[in-house]
Structure formats: C-alpha cells, structure tokens
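Since the structure comes first, as structure tokens, the remarks are kept for the end.
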Amino acid sequence: MQYEIESLEQLDQLLGDPQFNICRREGQTPLQALAWHLITHKPFDIDVILKGTCTNKDTIVCNVHWDEDNFLEKIYTQYGPNMTLDNKELRRWLETTEFENIAAWTANIVRRMEVNKISDYYDAAQDFYADNWDKWDDYEHCEIKGREFVESVIAQVDEVAAHVADGKAKGMTMDEIVLHDAMWGILPKHIDEELAAIARQTLDKAMAALPHRPYIWSEPGKQKYASDMLKMAAELLENNGYDINYGKGYSIEQGYLLTYFERLYWREAASKPED
C-alpha cells in the first residue's frame, strides 16, 4: 500500500495506528522516508523534524542510491551520532513537541543509540536499560501514551548520566565506575566510597598484571588472565566484607567482572600492536 504523507501531523496520526507500515521503496519523499526509518527503528536526518525541512525534496533521510551491501552502515554512520540525548536540540524537541507518536518512535531510536554507546563496555548500565524495555510494548499496545514512553527514556538516560557524573566528581575514572557497578551487580543509586576504593585497587592490580611485550596475545591467554583477575577481585572484596559468591556458584557480579577483565585484556592488546 502506498502512503502519500504530506505533513508531520499526518505521519503522527499514522504512527498511532498499529497496522501502519511502509517499505523503503516507498520512501521517495523526506516524510515517506522518515516513516520508514521510524518503523524500522533506524536513525534519520533529524532536520526533518527539527527544522521543518520536510517540504525540501533535497533533504536526505534515506538515500535510495546507496548500495545495498553497506546501506545500514551508511545510515548509522551519517545519522547515528545525532540521535542521542547529547543532542540538546533533539532533547528539547522530544520534551515539547505536539507530535506525541513521532516523539515516541524517535525516542525508541534514541534509546537504542544510547545503549549502543555503552554496549560491550558497561554491562550494569546496559542491563539497567534492558529492565525497562517492556515500556515500548506498553506503548505499542496502547497501555501508555507516547509522552509517557518519551519521559521514561529520558529519565533512564539521565539516571545513568547522573550516576557517571557522580563517580567522576569523586575522582573516579570510567573504568573504576564500571568496576564499581560490576561489584554491586546492578546500577546503584549512589557511589559507595569503600567500594570505589576497592574498584580502584582492583584496576591497579589488573593493569599491573597485564602481559608485557614480547608476548603473544591469545584467546587462552585472555581466559587465564580474566579468571586470575576475577579471583583477585573476589579476594579483595571478601577481605573487605563483600561476598560475590565466588567459588560457590554463579553470580551476576562474577559475570560482570569476568567480562570486564576479558575486554580489558583485548583492549590493551589492541593498543599495543606487535613490534
């Protein structure tokens, strides 16, 4: 079915219909292309919503001439950086726009981009975002309004940002904050100074234990290093009265820490290429 979308008001109404769908080949105008991006949760040219350029036929939202092989990569490269709440103009629009459904679908893309910023690095925050993933289902099933979904996304991102800012204000590096939260097993409401000190000590020991050149960085080497560092961290925690169930069974704290040390091993390997 072809949709002739001629205004943001019309698109907002269409997005409120659970049956609305549109394919990429229909995206011959900026608004049609915007509809495809929203329906498929892809970043887009935000000037269409921010600056009213939707009537400009030259506005790039979905370039039909891009090769299929790297089409999605180009979308994320070109539009992704602007689709986070670091973009104050976009944030203001989300908070104030009358187009509640466009805002909700846009906020869903923003949430995905915010998660991408911390994925494969900050597991506690990533899981914190995932805990509220059902909000989108609530919106799609008309159990909450678009405005409520937008507010929930902004509140989550703000909570993570405030927590990180609190840690940095206390002199912590990002690595120390990630370790601190891994030791908690969740994204905590505050920075615990005793646990922050343990995280700092753990990171110092982990960095000192990394292999030096000449050395062959390997998968078995990573596994042994991460296992040894998990044991070290668990002992430091136990000596300070914190129990992460080490040696007795799995715990989320152990999972977070083990993954962190695996990433640290490869991150340092990548920063120290072979001579």
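The values are calculated or read from the model by the stated rules, or taken from the named source; none is laboratory data. Since this is a predicted model, take the numbers as computed values, not measurements. So basically every Cβ, Gly included, is an ideal-geometry build from the backbone, and we count neighbours across all protein chains shown. Side chains included, ligands, DNA and RNA excluded: accessible areas come from the protein's heavy atoms. Shrake-Rupley method; radii C 1.70, N 1.55, O 1.52, S 1.80 Å.
Below, the figures for the structure above:
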read-out	value
Flag for L203 being within 23 Å of R263 (Cβ to Cβ), in contact (Cβ under 8 Å) with a residue 40 or more places away in the chain and not in a loop (DSSP other than H, G, I, E, B)	no
Any hit, segment 159-176, residues being without any contact (Cβ under 8 Å) to a residue 24 or more places away in the chain, touching an Asp or Glu at 6+ places or on another chain (Cβ under 8 Å) and of a type in the set (A, V, I, L, M)	no
Qualifying residue in segment 128-142 (condition: within 30 Å of A269 (Cβ to Cβ) and in contact (Cβ under 8 Å) with a residue 40 or more places away in the chain)	yes
Enumerated helices (runs of 4 or more DSSP H) restricted to segment 86-160, each holding at least 1 residues that are closer than 30 Å to F261 by Cβ	100-118, 123-130
Qualifying positions in segment 54-85 - at pLDDT below 60, assigned to a helix (DSSP H, G or I) and surrounded by 15 or more Cβ atoms within 10 Å (Cβ to Cβ)	C54
Scope segment 1-24; condition under 20 Å from K42 (Cα atoms) and of a type in the set (A, V, I, L, M, F, W, C); matching residues	I5, L8, L11, L14, L15, F20, I22, C23
Tally, over segment 216-275, of residues that are within 17 Å of L179 (Cα to Cα), in contact (Cβ under 8 Å) with a residue 60 or more places away in the chain, open to solvent by 20 Å² or more (accessible area, probe 1.4 Å) and outside any helix (DSSP H, G or I)	0
Any chance Q19 is at pLDDT 95 or above and open to solvent by 30 Å² or more (accessible area, probe 1.4 Å)	no
